[in-house]
Amino acid sequence: MGVPAQATRTAIGQDIVSGAHGRGSRLTEGQLARPYGVSRVPVREALRTLEARHLLAGRPLFSAGRCRASGSRDR
């Protein structure tokens, strides 16, 4: 994974934990790419990783996830 994907994953993960993306809110690649200043590819990689870490509840085939965490890390 390249630096942009790693930095994007870190930024999105921090925003999920801090509550910037409300619990249960739908996050899509297109919605996240612009504010983080990246294309959809690093966002897609970030969403997959965050889903594997249980910060997102993913929806296969839709390139979107729903936030699980708000203000704390679920492990």
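The values are calculated or read from the model by the stated rules, or taken from the named source; none is laboratory data. Bear in mind that the values here come from a model prediction, so they are computed numbers and not experimental data. Note: accessible area is taken over every heavy atom of the protein model, side chains too, but ligands, DNA and RNA are not part of it. Shrake-Rupley method; radii C 1.70, N 1.55, O 1.52, S 1.80 Å.
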> Amide H to amide H, which residues 5 or more places from LEU56 or on other chains are under 5 Å from it, using H placed in the peptide plane?
Replying inline: GLU51, ARG68
> In segment 1-50, carbon and sulfur make up what percent of the accessible area (probe 1.4 Å)?
Replying inline: 50 percent
> What residues have an amide H closer than 5 Å to that of GLY19, excluding those fewer than 5 places away on the same chain, when H is modeled at 1.01 Å from N in the peptide plane?
Replying inline: GLY71
